[in-house]
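Beneath this line is the structure, given in structure tokens, with notes to follow.
Coordinate-derived values only; no laboratory data. Only a predicted model underlies this, so the values are computations on that prediction, with no experimental measurement involved. Quick reminder, even Gly has a Cβ in these numbers, built from the backbone with ideal geometry, and neighbours come from all protein chains shown.
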There are 2 protein chains.
Amino acid sequence: MSAELHVRTARTEALLRRLVRRDADAAVRKLVSGTPPADIAAAMEHLTAGEQQRLYRCLDDRDYAAEVLAHLSVVATREVTKNMSEDAVVELLARMDPDDATDIVGALHDELRIRVLAELSDDETGEEVRSLLAWPPETAGGIMSPQVFVMPDDASCGQAIAALQAKHEDLENIYYIYLTDDHGRLLGVTSLRSLLTHPPKTKLTAIMVPDPISVGPSQDQEEVARIVARYDLLAVPVVDSERRILGIVTVDDVVDVIRAEAVEDMMLMAGVSRPQQEQSVLRQAAFRAGWLFATIGGGILAAEIIGLYEATLASMAVLAGFIPVIMGMGGNVGIQSATLAVRGLATGQVQIGGVGPFLWQEARVGALLGLGFALLLGLYGVARFPGQPLLGVSLAASILLAIASAGIIGAILPVAFQRAGADPAIATGPFVTTLVDLLGIVIYFNVARLLLGL
Amino acid sequence: MSAELHVRTARTEALLRRLVRRDADAAVRKLVSGTPPADIAAAMEHLTAGEQQRLYRCLDDRDYAAEVLAHLSVVATREVTKNMSEDAVVELLARMDPDDATDIVGALHDELRIRVLAELSDDETGEEVRSLLAWPPETAGGIMSPQVFVMPDDASCGQAIAALQAKHEDLENIYYIYLTDDHGRLLGVTSLRSLLTHPPKTKLTAIMVPDPISVGPSQDQEEVARIVARYDLLAVPVVDSERRILGIVTVDDVVDVIRAEAVEDMMLMAGVSRPQQEQSVLRQAAFRAGWLFATIGGGILAAEIIGLYEATLASMAVLAGFIPVIMGMGGNVGIQSATLAVRGLATGQVQIGGVGPFLWQEARVGALLGLGFALLLGLYGVARFPGQPLLGVSLAASILLAIASAGIIGAILPVAFQRAGADPAIATGPFVTTLVDLLGIVIYFNVARLLLGL
């Protein structure tokens, strides 16, 4: 199977939708049987709620159905389970890894969740799900799997292999073997590979890596992801304050975390709320308003400053038309420089001890951009208002100064924030934009007054 | 070692810098010996070029030095290797995985790279590096490792274990065992785990998963990452058109790709260039100008439209001051809605077949935000210009209409783009902003003319 993932998913999706709409259940069953569950889940995300429910009812194999469910988004999970009985949900949960089951329980409608939790009460999955639900969802505890392959510290390679063979069905993802003492405290770790390449009688303590990297259960998932990425791990153990092992976070969950956090960053940059939470309209508006308050504050301040130049404006109303373009260009160049500064500081490409080269580079790029767009806007101004050539010159000079200063301010502000111990990312948002906007207005009107003699 | 990664890295970094500045080489060596190479590399990113070179010279153990180098950014790699001889570089490369060595070669200064490639000519590493350099850096071929653990299709579990024991040192990361036919074509895959849990005489073909998921060498790395993420793989084989196995892409490289792509998306949203490439000032300006052209085009269009209302403006110059706030608020609300729409379409939370609920939600959020900020701006207007209460009312009505329409336009445009087969992400940028800005101006002046009788 050579994978042109996009094409394949789109084709599966189109075909599925057609079949589901036609109520062609037999054909749906046949298509499903040849498709990996992850692909069915991806295709389902693009169907309507009704189509999702109809399709899901065609998944006869309960293991397959459980795997599809584990891959669905929160919203789709809620739709698909809406009309299920608690018994049906519990049966599916029992076929999943406990960390996936916990995510599903978290996604259920409130009423169904309560009934499912009551139903789950006695068996092993129920206990694991409840213990995982105790941790906030975005912590190591919230994303860990409690199923860890642990051996006592006096065991040998042969005993570990025997244990592995006995537990065949139980443990889905075994990457490492963890060694614990009598109190369940983590002593060391070894790999499947090491088991294979040492004689069966070798003690595990002889081949273990002692004192392995671990995380605490309340550590933020983003921090956990950073650790797994930095040390190229396949899994990291989660331990309590006594170093007793509680679970492991595996690399596939870390991949999901990194993808989710990237989305979250993008949403936060636009001032919208976290994507996975379903919120009321009022709450969404309230979250988005926070970011807009800065905009309206800056806007009112701009109005006040423009008001200072009312006499200039009254004597030449055409000037008003170019306020947006001067502010817009300055604002965008400022955000570009600030984005580069924030990323550079984060990756180390901009070094706090030696920001000189970066500022010098941004100053030159800003000057170059300013010159280019000054020429463009100046020519437009002269051509558009041929009777007032000085208006064109004034526009050119304003945009040159506005862009060049915006580039430098955008580059300096995040560095200054970092030096002051604040988060430099904050500087990319309202601060740079507002400062650059207001400076642009002041430059614009003063240049106009000077050149046009207003 | 309980990991508070940030704190630990910051402490290591501060200590390292102090020691390096004091030329306390003995103390540096002691600190280094107790620290994982990845941590030293992370700390080095925040030192100046001179400090990086001095520190790197303290890394006596060549294996350790190679591992630090493999973790450094492109910029730091270039600095650290600047004054090295080609022999020294080649010695380090020989101790790395070929895919890491290839990245280092790509990061070297041009002159040094040529000398290193000449020096590498004969040995195995050289051959592997050269074959990897043939693929573009952001493809499966560019990030794959050519070191794959392959067994012939007639081998047994016991033979595979024996081969694994013999190759002990050579293969860094073994996740899966790939089976090939006489022509090197990929037939199937099995896991270390399966080797352990089956009798040694079992044929590998009996326990293999046939026809495993694979990628082509020129497939984009982002696509490869998506496949590894979707199917929860630890590695994916790279095969040519004849299905001959060329290498594998491992999950740790995929994690790096996902992190890099997230950064790249963020940079592209601000219209700045890819972060890892060192470009001339002229090229950087040219790249950033592309995005700014849309802004200046929209700005000139706005100036033209404002020009249509010159008479209105001349009779009431104070109106000009509020142009930026009407445009700014509309633009931001539009971007918020568009961001939600783009993400929703990508994750499937917004379904192309049933966008009704999403649009209805955005319409209500927009109306709510419009009402809130209309009240705010209206009260400000009335308080600020008590002689002209209708100015305040006019501001309130304008911002209400501008915000409400922006919310709907921002939500609809990405959906329309998707339906037309275009990338909806493009709609979040210049399209939404320009459309919403211009509409805001038209609303503003017409409301003012109507209410104020201008």
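Cα to Cα, under 13 Å, and not fewer than 8 places away if on the same chain: which aspartates and glutamates meet these conditions relative to B:Lys201?
Filter leaves B:Asp154.
Tell me, Kirkwood radius of the range B:333-419 from alpha-carbon pair distances, in Å? Don't skip to the answer; put the middle values down first.
Numbers: mean 1/r = 0.0729 Å⁻¹.
Kirkwood radius, the range B:333-419: 13.7 Å.
What's the Cα-based Rg to Rh of the protein assembly as shown, Rh via Kirkwood?
Details: Rg = 30.7 Å, Rh = 30.6 Å.
Result for the protein assembly as shown is an Rg/Rh of 1.00.
Express in nm, to one decimal, how much length is gained between B:Ser218 and B:Thr205 on full extension, taking 0.36 nm for each residue of separation and deducting their alpha carbon distance.
Details: separation 13, 0.36 × 13 = 4.68 nm, distance 2.90 nm.
The B:Ser218-B:Thr205 span can extend by a further 1.8 nm.
Kindly put A:Phe358, B:Phe287 in sequence by how many other C-beta atoms sit within 10 Å of each C-beta, fewest to most.
Values: A:Phe358 20, B:Phe287 17.
With the sparsest Cβ surroundings first, the list reads B:Phe287, A:Phe358.
Placing the label point 7 Å from Cα along the Cα-to-Cβ direction, what are the distances from A:Ala88 to the equivalent spots in the other copies, shortest first, in nm to one decimal?
Label-point distances to the other copies, shortest first: 6.9 nm.
With a point put 7 Å past each Cα toward its Cβ, work out how far B:Leu15 is from A:Asp63 in nm, to one decimal.
5.1 nm
What ranking do A:227-236, B:381-390, B:411-420 get when scored by the average of other Cβ atoms within 10 Å per residue, highest first? Walk me through the numbers before you get to the answer.
Values: A:227-236: 21.3, B:381-390: 13.7, B:411-420: 19.5.
Ranked by mean Cβ neighbours within 10 Å, highest first: A:227-236, B:411-420, B:381-390.
Could you compute the FRET efficiency for A:Arg29 and A:Leu282, with r as their C-beta to C-beta distance and R0 at 41 Å, rounded to 0.05? Before the final figure, lay out each step's value.
Working: r = 43 Å, r/R0 = 1.06.
The computed FRET efficiency comes out at 0.40.
Kindly give the distances from B:Arg62 to its copy-mates, label point to label point, with each label point 7 Å from Cα along Cα→Cβ, as nm values to one decimal ordered shortest first.
So the distances to the same position in the other copies read 6.1 nm.
At a Förster radius of 22 Å, what calculated FRET efficiency corresponds to the Cβ-Cβ distance of B:Phe385 and A:Phe385, to the nearest 0.05?
0.10
So for A:His183, A:His109, B:His71, fewest C-beta neighbours within 10 Å to most, what's the order? Spell out each step's value before the answer.
Details: A:His183 8, A:His109 13, B:His71 21.
Final ranking by Cβ density, sparse to dense: A:His183, A:His109, B:His71.
In peptide B:135-141, how many Cβ atoms from other protein chains are near each Cβ within 10 Å, on average?
Details: counts 0, 0, 0, 0, 0, 0, 0.
Other-chain Cβ atoms within 10 Å of each residue's Cβ, averaged: 0.
Give the value in nm², to one decimal: projected area of the alpha carbon convex hull of chain A, averaged over all directions. Intermediate values should be presented prior to the final figure.
Working: hull surface 123.1 nm².
Reported value for the Cα convex hull: 30.8 nm².
Order these by the 10 Å Cβ neighbour count, fewest first: B:Val68, B:Val318.
On the way: B:Val68 27, B:Val318 18.
Arranged by neighbour count, lowest to highest, B:Val68, B:Val318 become B:Val318, B:Val68.
Rg/Rh for the range B:1-115 to two decimals, with Rh computed the Kirkwood way over all alpha-carbon pairs. Present the calculation step by step, with values, prior to reporting the outcome.
Details: Rg = 13.8 Å, Rh = 14.3 Å.
Result for the range B:1-115 is an Rg/Rh of 0.96.
First measure r as the distance between the Cβ atoms of A:Ala166 and B:Ala134, then evaluate 1/(1 + (r/R0)^6) with R0 = 35 Å and state the FRET efficiency to the nearest 0.05. Could you put the intermediate results ahead of the total?
Details: r = 48 Å, r/R0 = 1.36.
In this case the efficiency is close to 0.15.
State the Kirkwood hydrodynamic radius of the range A:150-269 in Å, one decimal place, computed from all pairs of distinct Cα atoms.
Working: mean 1/r = 0.0647 Å⁻¹.
Taking every pair of different Cα atoms in the range A:150-269, averaging 1/r and inverting gives 15.5 Å.
So for the pair A:Asp256, B:Asp182, with labels modelled 7 Å out along Cα→Cβ, what separation do we get in nm?
Placing both labels 7 Å beyond Cα along the Cβ direction yields 4.6 nm.
Run the numbers for B:Ser85 and B:Arg419: contour at 0.36 nm per residue of separation, minus the present Cα-Cα distance, in nm. Write down the numbers at each step before the final one.
Working: separation 334, 0.36 × 334 = 120.24 nm, distance 5.69 nm.
Length gained between B:Ser85 and B:Arg419: 114.5 nm.
Remind me, what semi-axes does the range B:281-452 give for its equivalent ellipsoid, largest first in whole Å, using sqrt of 5 times each Cα gyration tensor eigenvalue?
Details: eigenvalues 188, 96, 29 Å².
The three semi-axes for the range B:281-452 are 31, 22, 12 Å.
Summarise the partner chain shielding of A:311-322 as one whole number: the mean count of Cβ atoms from other chains within 10 Å of each residue's Cβ.
On the way: counts 1, 1, 7, 7, 2, 2, 13, 6, 4, 12, 15, 6.
Per-residue shielding by partner chains comes out at 6.
At A:Ser218, with labels set 7 Å past Cα in the Cβ direction, how many nm apart are the copies from this one, shortest first?
5.4
Across peptide A:45-52, what mean number of C-beta atoms from other chains lies inside 10 Å of a residue's C-beta? Show your work: numbers first, answer last.
Values: counts 7, 7, 5, 5, 3, 2, 3, 2.
Averaged over the peptide's residues, the number is 4.
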